[in-house]
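Single-structure report; data block below.
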Amino acid sequence: MSDIIKQAQDLYKKDKDGWADIYRAGKEDLKFLSDDKCAQWDEVDYKNRTDTGRPAETVDQLGQFIHQVANDVRMNTPTINIIPSGGEATVEDAEVMKGLIRNIEYISSADDAYDTAVTAAIKSSIGFIRVDHDYSDEEGHQQDLYIRRVVNQFAVMIDSSSVEPDGSDAMHGHIIERLSYDQFKKRFPNKEPVSFEAEDSQSAKEGEEVVICEFYIIEEDRRKVGFTDDGSTVDYEEEGNYKASRVVKKRKVKRYTLSGADVLEETTFPGKYIPIVPVYGEEAWEDGKRKLHSLIRKSKGAQRLYNLWKSLEMELLLKQPQAPVLVPAGGIAGFEEDWKNPSKSMALQYWTEVDGKQIPKPERLAPPQIPTGIINAAREAVDDIKATMGIYNASLGDRSNETSGKAINARKAEGDVATYHFGDNLVKSITHVGRILTCAIPEIYDTPRIIRIIGEEEQPKQVGINGEILPEQEKPVDLTKGKYDVKVITGAPFTTQRQETVAALTEVFKAQPELMQIMGDIYFKNSDFAGAQAMAKRMEKVIDPRFLDKPPEQPVQDPEKIQMGQIIQEGQQALQDMQMQIQTLEQEIKSKDFEAKSKEAQSEIKSQIDALKSQEQIAKLTIQNQMKDLEIASLRAQPQPTESTQSGAAQ
């Protein structure tokens, strides 16, 4: 067994113990929410009731609250913003990186990863998001970054020593994967099928499972550096003179795929963070130990009580059709079968006399009544569920005792605030996803290439990076340089913002219709009906140009002027070349080698200088004449003043 396998197994056991209580409680929460018949019952109570033929029903109240909180988070889509913070980072490059991250989210279906993680945190107190990289296509060599979802949060184990709410300080992490024997042999044909968790190192047999582990660990390269007076950084030397010195750490993320016997794969992950990001539920710390709670953790007792009261109510209701009939002795002699099953008989007969004595007719006794205490207890159990979560009727869209819209919104806001920490923890985690991406992008997108980015309005665009420039591209973009910060904001997605814009402008136009002549193009651009974009283009033609965010049109240049300008530039370049030749020859005359040359050679050099100077004078005169001609042509192209203007000037 290699050292890295033993290190990974030792860390896995340590982390498994560290997360044991949280994972055990999380699994219990998920089981409580499952469709198991006794999931929301105490096992003893459920068995006692079912063994005696009494109903033990589950009337789940928790699902609606989970969907309410999860869907509130989904409606407020987090957006990763990139901010230049140092080095050679520019605002333009930051916009490209932001658009690239938005494209990574698009090709990865990152919304699914975010939704799965936060829903897991709501249901079981913890979820995870992964960042990965892979080839862009099956034949190329270029790679892209991807955001992956984790469907089994309990198969992931990050550094149990981590204390940050986004796991950014984790130094290692494990992802457990279970393969069938055949799957393992197909992926790793020359390796022994020994499970990572196996203690006896025995190979699995056909038909058995093989557990492998994807193991990440950060390796730190420490070195001492010195800071010179000019601010540069150099390797520290004992005899050196430095303004200051310190030990710096360079981090490398190693990635291994391990069985219990072999290192199956080994690579390096780009960047400096473990690419496994936790999404926590409700976090608390007790004596330095992390505690995590799901949304329903403290509501399970009230849900069990609700199930009990509803089952008792059902039990009493089931007894109502079975209420006995009070019959005098002998009153239904010979008609017993009809009275046992009245629904089969068109008429029920009985004797009015028995042994010569008048007897009363049979009467069904009053059915058992449901005690109001049971009904009230069930209602209180529902209120207890809401109270433990802080979610009230208005948050669920139900009518409560609020009468005004303002009061309803205020109560709804209370419910949103009570569960805000779930969405806020997702924002923190997505912020760390952004950090992982910004650290990995310079290493994955490190060659000249054309990438696709997605803009603010979900419009795709091609951009050349790292030396690759498209014809329509104004500036080069280099993603391998600079430092960037990440900020995540939440809000409605672009589609919803467009709808809000249309609704707002509709109200504005109702109050002030004349504003359509100023903002009509914006209204139609954000509309989704057929022909809206064509109408927006037509509106731009009738709107005052002062209100349009368009650059002023460039004047059309005269081709003759352009050609004359090029001739002047060429002449100026030739003149500079002549002047350089003259300077070179004059330097040669001043040198000692000139004295050693023959008189004929000296005379020839001086003649060359005289000829070049004559050409220089001619070139100067030619350029001056050309520039005068260009100036005259420009004056002629200007509009001439009208007669009224001339007379006004004369007055």
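The values are calculated or read from the model by the stated rules, or taken from the named source; none is laboratory data. On a predicted model such as this, the values are computed, not experimentally measured, just so you know. All Cβ positions, glycine included, derive from the backbone under ideal geometry; neighbour counts span all protein chains shown. The protein model used for the area step is the full one, side chains on, heavy atoms only, and it has no ligands, DNA or RNA in it. Shrake-Rupley method; radii C 1.70, N 1.55, O 1.52, S 1.80 Å.
Details
- Placing unit charges on the Cβ atoms of the charged side chains and taking the dipole of segment 1-130 about its Cα centre, the candidate lying farthest along the positive direction among Met97, Ser85, Phe128 is Phe128.
- Converting phi to 3J(HN,Hα) with the Karplus coefficients 6.51, -1.76 and 1.60 and the offset θ = phi - 60°, segment 341-346 yields 9, x, 5, 8, 10, 6 Hz in sequence order, with x at every glycine or proline.
- Nonlocal amide H pairs with Tyr392, under 5 Å, H built at 1.01 Å: Gly415
- The apolar share of the surface of the chain, taken as the fraction of accessible area on carbon and sulfur atoms (1.4 Å probe, ligands and nucleic acids excluded), comes to 49 percent.
- A cut-off of 5 Å between modelled amide H atoms, ignoring neighbours fewer than 5 places along the same chain, links Gly260 with Val194, Ser195, Phe196.
- Modelled FRET efficiency - R0 41 Å, Lys272 with Lys461, Cβ distances, 0.05 increments: 0.90
- Accessible solvent surface per residue of the chain, calculated while the other protein chains remain in place, 1.4 angstrom probe, Å²: 61 Å²
- Considering only Tyr523, Ala378, Met580, and ranking their Cα positions along the charge dipole of the chain that arises from unit charges at the beta-carbon of Lys, Arg, Asp and Glu, the one farthest toward the positive end is Ala378.
- Unit charges at the beta carbon, dipole of the chain: most positive-side option, Ile436, Gln617, Leu312: Leu312
- Placing +1 on the Cβ of every Lys and Arg and -1 on the Cβ of every Asp and Glu, with no other charges, gives the chain a dipole of roughly 1520 debye about its Cα centre.
- Fraction of alpha-carbon pairs over 43 Å apart in the chain - percent: 56 percent
- Each residue of segment 148-160 was assigned a 3J(HN,Hα) from its phi angle through the Karplus expression (A = 6.51, B = -1.76, C = 1.60, θ = phi - 60°), giving 10, 8, 10, 8, 10, 5, 7, 8, 10, 9, 9, 3, 6 Hz with x at Gly and Pro.
- Each residue, Asp134 and Val59, gets one label point 7 Å from its Cα in the Cβ direction; the gap between the two is 4.7 nm.
- Computed 3J(HN,Hα) for segment 130-142, one whole-Hz value per residue from the Karplus formula 6.51 cos²θ - 1.76 cosθ + 1.60 where θ = phi - 60°, is 10, 10, 9, 9, 7, 5, 5, 8, 6, 10, x, 9, 7, glycine and proline marked x.
- Other-chain or far-sequence residues with amide H under 5 Å of Gly482's (modelled H): Glu88, Ala89
- Nitroxide proxy distance, nm - points 7 Å out along Cα→Cβ at Asp577 and Trp351: 14.1 nm
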